[in-house]
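A short worksheet on the structure shown next.
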Amino acid sequence: MGNEPAQIRLHSRLIDTLYTEAMLLADEVRAYFERASAEREALLPLDRVVFSCESLKVTTRLMHILSWLLSQRAAEMGQVDTIEARLTKRIGEAADSDPATLHALPDEAIALIEASRDLYARVARLDAAEEPAEPAPSPALHLLSRLERAF
């Protein structure tokens, strides 16, 4: 167990680094979509819809990422109890982008979409790695449950 404090520090630094990256990306996304109205209007009608949907997907991904990272920080700092931390630590589901629909979008939009997808995937992997392994279901409890339902 002598390695545990080093792992906690490493985890904390990783969370801080990901948080900084997410905040910077969120700021880039906000600035781009605020100024991209001319680029959006130049697109075909269906591509404008894709552009709008993708901007919402990027925003949703970033909100889930930031929420998860803030929950991690709060748990590390002891600001939430163990039960609350377990309930809030799972990253939210975010719709993925279909690369086939992105081809007509401006290059900067595609780059931001891909950056958000990449960051979300990395945080989701980290989240999945922290998920405790579920014990195998007990055959005896399953049989007991069946017996209770039968009588």
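The label-point distance for Arg35 and Ala128, in a model that sets each label 7 Å from Cα toward Cβ, rounds to 3.7 nm. For segment 5-61, the Kirkwood hydrodynamic radius comes to 13.4 Å, computed from all pairs of different C-alpha atoms.
Were the residues from Leu70 through Ser12 laid out at 0.36 nm apart, the gain over their Cα-Cα distance would be 19.7 nm. Net charge in the neighbourhood of Arg117 (other residues with Cβ under 13 Å of its Cβ; Lys, Arg +1, Asp, Glu -1) is -1.
Readers should treat all values here as calculations from the given coordinates under stated rules, not as data from a laboratory. All figures in this text were calculated on a predicted structure; none of them were measured in a lab. Neighbour counts run over all protein chains shown; Cβ positions are idealised from the backbone, glycine included.
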